[in-house]
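For reference, the structure is listed below as structure tokens.
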Protein chains: 2
Amino acid sequence: MTNFFLRTLREDPADAEVTSHRLLVRAGYIRRQAPGIFAWLPLGLRVKGKIERVIREEMERAGAHEVHFPALLPREPYEVTNRWTEYGDALFRLHDRKGADYLLAPTHEEAFTLLVKDLYSSYKDLPLTIYQIQDKYRDEARPRAGLLRGREFTMKDAYSFDVSDAGLDASYQAQRDAYERIFARLGLDYVIVQADAGAMGGSKSEEFLHPTPVGEDTFVRSAGGYAANVEAFTTVAPSPVPFDELPEPVVLDSPNTPTIQTLVDLANAEYPRPDGRAWTAADTLKNVVLALTHLDGSREVVVVGIPGDREIDQKRVEVAFAPAEVEAATEADFATRPGLVKGYIGPWSPTGDGAVLGAESSTGIPYFLDPRVVDGTEWITGANLDQKHVFGLVAGRDFVADGTVEAANVRAGDPAPDGSGPVELARGMEIGHVFQLGRKYAEALGLKVLDENGKLATVTMGSYGIGVTRILAIIAELHNDDKGLIWPASVAPFDVHVLATGKDQAAFDAAEQVVASLEAAGLDVLYDDRPKLSPGVKFADAELLGIPKIVIAGRGVAEGVVELWDRATGERTPVAISEVADALTA
Amino acid sequence: MTNFFLRTLREDPADAEVTSHRLLVRAGYIRRQAPGIFAWLPLGLRVKGKIERVIREEMERAGAHEVHFPALLPREPYEVTNRWTEYGDALFRLHDRKGADYLLAPTHEEAFTLLVKDLYSSYKDLPLTIYQIQDKYRDEARPRAGLLRGREFTMKDAYSFDVSDAGLDASYQAQRDAYERIFARLGLDYVIVQADAGAMGGSKSEEFLHPTPVGEDTFVRSAGGYAANVEAFTTVAPSPVPFDELPEPVVLDSPNTPTIQTLVDLANAEYPRPDGRAWTAADTLKNVVLALTHLDGSREVVVVGIPGDREIDQKRVEVAFAPAEVEAATEADFATRPGLVKGYIGPWSPTGDGAVLGAESSTGIPYFLDPRVVDGTEWITGANLDQKHVFGLVAGRDFVADGTVEAANVRAGDPAPDGSGPVELARGMEIGHVFQLGRKYAEALGLKVLDENGKLATVTMGSYGIGVTRILAIIAELHNDDKGLIWPASVAPFDVHVLATGKDQAAFDAAEQVVASLEAAGLDVLYDDRPKLSPGVKFADAELLGIPKIVIAGRGVAEGVVELWDRATGERTPVAISEVADALTA
């Protein structure tokens, strides 16, 4: 360590919000260069290399071949697939000295598709799966959490190419299996959840989530085996109810009830149900006004009706309206749409011709409904008159929507769509993503091959990503204590950390003997040979660095003994110097 | 090979100017993504990995520790060292969503300096040498020659940090020695030449040039051991000559002599020397008008006087006036400076007060002289009058300069500055560069450590670069024939290429047996198991790919025999299947 490049820090970095960020910086694994952009110091690079090795081995076992694309790519292919625009501010864009547009690639679907188009032309060349381990760029609005969400990050991204859907299924399964092996080897728990394909297009899509309360993704799962992230969860809609016998809606005064709670309280106090059952939020229809920004920059105001006991889920509503951006409507939106009576909005009004929301209505404002609002259900909702609500408004009779959207939040107890029972909610961090792109990119970029009958067939593709640097951070996040990091042996920067303590030359001589015996046994050793440091400082550094096995050469060397120190358990065991290598390779 | 990602091409790529580019694309090692930007296919990536492994091993042996910096770096440090501006159009610049300026780093001096400043504070932490193998960016005006001059390229760049000059010398020598080992292991001839430090600043600077007639760098060397690139060559100036006895200059008519040759011809015809010796171009003083563009954008016109038998060397003159850019003066420059009589320019004129060039002269135009134009030398040169020259104009008496510049070309036979005899000229390609930055970057960025006396001392640095992708291209450039590539074993993508030929299953069975035995012997094997291809196609592909050892399983397998085919010599030798592994590992 006297000539190794390492400096441990006593203070936590000021900008570190999460444990992995704090410890990786303090222990000298990474160092910040700019927001969300880090340099890798020798210890960090070693851990990263070990993770990459596991991934490479499993990719090879899955029959995938490694390639490497540039980070700097020309605009044109991303223009064809519209991602030059869709990525918005998250894309780093630049131009060269001749004014040609380039980007720093956030993912490489286009480049891989074009490479295969460039070189392959026959079904005989397929199936093919190729991958790279490469540094990617995404200009996150709030880079934070250290490596968990950086602006530069290392990913393994693989792409499969098949002629048939069955071929794609097989390629997909091979990568999915490889991911299971990779996470098992890295000791990372995971749940495979159904996912929305999002901006990537395509059909089948699954995420590998590491379950953790501090995860930024929410997912749901049922005891019967269903698992999905909230974006991909689909609501089980009840059956429609016959409404021919239902009474007409009644408009009632509801002063000072701009919120669901005030409305329910007033309803129970002033307009109790004949059968005595209390009104609840679930009996109300909440109409939320949203503003969509479409890709062409145009702004559209829409209203979404959901049961009053639910909230709009930002991630779900974004998926529902993708690729448009979604935000709450502003005062300006309301000001230019006087038909919307804030706090008392509803799809129907007694003053006009009835329907006041929907593309065909008097306002022309598009109206979408939660899947639970099926025909024949009765609702208390705004009457589009100040301080008035309407009771017994019947879906399908008094109002209709332009469509249904999955915008309401998922709650524990909601039924899983596959009938496997109620779901529970949990949090996780995404560590991998496999999905079937299908023919979207191949179609856009013209990747066709001659099939067995000599006809041109569009290739079907899969895309498979693992965040290398994110995985490193998650492992650090999982394996630590108040003293520092505790690496699993499979990814530790060194196998063993040998400390020579005290001022006695004998301890250093013994330590060197141990180092030599360990290296002869094929182990990677970090040797703390720093002179003039107290044992306490060396112990503290060893605990911070987190190499799982530590050997302490101290006073005992006079009797030919050193101590084995297990970083995880804290246990210290005396061992004869001559037996250290055997003890650590056993 | 049936499921390997490879496609050989029959046609040369249209844009390939050099052999390595042509063959690496045709043989499926690399593929163009944009001008000067390539994707690495599996074969290419394997060769690159082998070169990187050699470099890593030798860096480790030299005590250097590996780190990794981002390609995307913030502007500020490069602003402090002025390189944000100095790099001009060669720098890829961009900004993030918040408008902060970034660059794609062409070299990392600033980042390394700041990292060490960030973490280290004492002389006890030094010496330190750290390196990375990383993808760099330079927006070349004319990216060409494939990997030899790309806009994205992989480099190993190392930086050393020392307190003392002696320490820097030792760190420098360790890297220099490592470079010699690296090039020896890669089988690359090299010449170590003195180099100009150029835009990097600093003092001692040496380049490793691979000598080749197609190299883009010119260097000189003497039989006595001197070697330098032309930019670094320094002229041996003759001693001054007493001029008290010399006659006055004479202005003579010289109609239609705007060039040196017409002038010499006229002089010999009309004004022969009294002693009968012919006038030669070396007796004339050629005054070249140059326009400098300074970093602040200002344009300055200067005149450089060189012996008429020499030319301005663009690279040397650029170094001489760096960091200004140098170009020939334009018609507009002449138009605004009527004192310069085109074709008849000289530093002196009979019509004025004598001196017409130089900062102090009547024109105020700066005037620089070649080091050979020492005091007392006599020249024929322009008289600043149309169709007139002056004979016997004496340097130091009739004209003086504002300084000397090394702007004239170097010629075979010029004396080496170290007295080791006349030099010869040769061409080479730069494959490595070691140089002492000194304290320039540490000074600019404030990298100081406490020295042994507890006082702050500015650190002194060295910078050491090897172009990984360029080396790969040079190896390809060196090792090929009209059939394709011929890799040296140390960097070949596979150790052995096994071909199963014919339609007979027995040949494929035998080939698989050979593959298994070779892999059991620890060799990397590429197996051409493609069915339904003629032997000729497989042979041609094997020759194009250039794996040095080839095994052909064909008709002979009935007798238990295959052929060993040496790609370099073309020799084919029959060997028993059971003995192939032994033959290839011997």
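Set the Förster distance to 56 Å, then compute FRET efficiency between B:Ala166 and A:Lys124 from the Cβ-Cβ distance, nearest 0.05.
So, using R0 = 56 Å, E works out to roughly 0.30.
Efficiency by 1/(1 + (r/R0)^6): what FRET value for A:Ala489 and B:Arg61, r their Cβ-Cβ distance, R0 = 30 Å, to the nearest 0.05?
0.65
A drop of at least 10 square angstrom in accessible area, chain alone versus all protein chains together, probe 1.4 Å. Which residues of segment B:132-176 meet that?
Output list: B:Asp135, B:Tyr137, B:Asp139, B:Ala141, B:Arg151, B:Glu152.
Considering only protein heavy atoms, what per residue accessible area in square angstrom results for the protein assembly as shown with a 1.4 angstrom probe?
So the protein assembly as shown comes to 41 Å² accessible per residue, rounded to a whole number.
Carbon and sulfur together cover what percent of the accessible area of the protein assembly as shown at a 1.4 Å probe radius?
On the way: 23970 of 47800 Å².
Summing carbon and sulfur atoms, their accessible area is 50 percent of the total for the protein assembly as shown.
Would you calculate the volume per residue, in Å³, of the smallest convex hull containing every Cα atom of segment B:367-523?
372
Tally Lys and Arg at +1 and Asp and Glu at -1 over the other residues with C-beta under 9 Å from the C-beta of A:Gly554: what net charge comes out?
Here the charged neighbours net out to -1.
List the residues of segment A:22-62 for which accessible area in the full set of protein chains is at least 20 Å² lower than for the chain on its own; 1.4 Å probe, protein heavy atoms only.
A:Arg31, A:Gln33, A:Ala34, A:Ile37, A:Ala39, A:Trp40, A:Leu41, A:Pro42, A:Leu45
Which whole-percent values make up P(r) of the protein assembly as shown when all C-alpha to C-alpha distances are grouped in 20 Å steps starting at zero?
9, 30, 31, 19, 8, 2, 0
Once both labels are modelled 7 Å past Cα along the beta-carbon direction, what's the B:Thr85-B:Ala269 spacing in nm?
For B:Thr85 paired with B:Ala269, the spin-label model returns 5.2 nm.
With all distinct Cα pairs included, what does the Kirkwood hydrodynamic radius of segment A:433-512 come out to in Å, to one decimal, could you say?
It works out to 18.2 Å.
Can you give the convex hull volume per residue for the Cα atoms of segment B:250-404, as a whole number of Å³?
107
Please provide three numbers in whole Å: the alpha-carbon extents of segment B:314-459 along the principal axes, with the largest listed first.
67, 36, 31
Order the following by accessible area, largest value first: B:Asp162, B:Asp402, B:Asp275. Probe radius 1.4 Å; ligands, DNA and RNA are ignored.
If we order B:Asp162, B:Asp402, B:Asp275 from most to least accessible, we get B:Asp275, B:Asp402, B:Asp162.
Would you list, by chain and number, the lysines whose Cα falls below 26 Å from the Cα of A:Lys549, excluding same-chain residues fewer than 8 positions away?
A:Lys48, A:Lys50, A:Lys483, A:Lys503, A:Lys532, A:Lys538
Work out the P(r) tail for chain A: percent of alpha carbon pairs separated by more than 36 Å, whole number.
Working: 88619 of 171405 pairs.
Summing the P(r) of chain A above 36 Å gives 52 percent of all pairs.
What is the ratio of the Cα radius of gyration of segment B:288-349 to 2.2 N^0.38 Å, with N the residue count, to two decimals?
On the way: Rg = 12.1 Å, N = 62, 2.2 N^0.38 = 10.6 Å.
In units of the globular-protein estimate, segment B:288-349 measures up at 1.15.
Consider a paramagnetic label point 7 Å from the Cα of A:Ala576 along Cα→Cβ; state which residues of segment A:504-522 have an amide N under 18 Å from it.
A:510-511, A:513-515, A:517-518
Counting other C-beta atoms within 10 Å, and keeping those with at most 12, which DSSP coil GluC sites (Glu not before Pro) do you find in segment B:317-424?
Here the GluC sites (Glu not before Pro) that fit, given the DSSP loop and packing criteria, are B:Glu360.
With label points built 7 Å along Cα→Cβ from the Cα atoms of A:Asp481 and B:Asp386, find their separation and express it in nm.
Roughly 9.6 nm, to one decimal.
Given the Cα-Cα distance of A:Glu245 and A:Lys204 and 0.36 nm per residue of separation, how much length would full extension add, in nm? Please list the in-between numbers first.
Values: separation 41, 0.36 × 41 = 14.76 nm, distance 4.34 nm.
Roughly 10.4 nm would be gained on extension.
What does segment B:494-585 give for Rg and for Dmax, in Å, if only its C-alpha atoms count?
Gyration radius and largest Cα-Cα distance of segment B:494-585: 11.6, 31 Å.
Please give the length that would be gained between A:Leu533 and A:Ala558 if that part of the chain were fully extended, namely 0.36 nm times their separation in residues minus their C-alpha to C-alpha distance (nm, one decimal).
Result for the pair: 7.0 nm of gain on full extension.
Counting only helical runs of four or more DSSP H residues, what would the 222 nm mean residue ellipticity of chain A come to if each run contributes -39,500 (n - 2.57) and the total is spread over all its residues?
-7000 deg cm²/dmol
Counting Lys +1, Arg +1, Asp -1, Glu -1, what net charge surrounds A:His389 among other residues with beta carbon under 14 Å of its beta carbon?
On the way: positive: A:Lys286, A:Lys342, A:Lys388; negative: A:Asp253, A:Asp265, A:Glu270, A:Asp283, A:Glu378, A:Asp386, A:Asp398.
Once all neighbours under 14 Å are counted, the net charge is -4.
Separation between the A:Glu17 and B:Ser420 pseudo-spin-labels, each 7 Å from Cα along Cα→Cβ, expressed in nm?
Calculated label separation equals 6.1 nm.
Shielding by partners for B:71-78, please: the mean number of other protein chain Cβ atoms within 10 Å of each residue's Cβ.
Taking all residues of B:71-78 together, the mean is 4.
Given a Förster distance of 60 Å, report the FRET efficiency between A:Arg10 and B:Thr259 from their Cβ-Cβ distance, rounded to the nearest 0.05.
After rounding to 0.05, the efficiency reads 0.20.
Normalised by the residues of chain A, what does the relative contact order come to in percent, with Cα pairs under 8 Å and at least six apart?
Value for chain A: 17 percent.
Nearest 100 Å² is fine: how much accessible area is buried between B and A, summed over both sides, with a 1.4 Å probe?
Working: alone 26280 and 26300 Å², together 47800 Å².
When B and A are taken together, about 4800 Å² of accessible area is lost.
log₁₀ I(q)/I(0) of segment B:10-54 at q = 0.23, 0.28, 0.34 Å⁻¹, via Debye over equal Cα point scatterers, no solvent, to two decimals?
-0.81, -1.05, -1.22
At a temperature of 37 °C and a viscosity of 0.692 mPa s, determine how fast segment B:1-103 diffuses translationally according to Stokes-Einstein, using the Kirkwood radius over alpha-carbon pairs as Rh; express D in µm²/s, rounded to the nearest whole number.
Rounded, D is 188 µm²/s.
Taking a cut-off of 29 Å between Cα atoms, list the lysines near A:Lys440, but don't count ones fewer than 8 places away on the same chain.
Here the lysines satisfying the reach criterion relative to A:Lys440 are A:Lys117, A:Lys124, A:Lys136, A:Lys156, A:Lys204, A:Lys315, A:Lys448, A:Lys455.
The values are calculated or read from the model by the stated rules, or taken from the named source; none is laboratory data. Bear in mind that the values here come from a model prediction, so they are computed numbers and not experimental data. All Cβ positions, even for glycine, are placed from backbone atoms using ideal geometry, and neighbour counts span all protein chains on display. Each accessible area value is taken on the protein alone, full model and side chains, heavy atoms only, with ligands, DNA and RNA left out. Shrake-Rupley method; radii C 1.70, N 1.55, O 1.52, S 1.80 Å.
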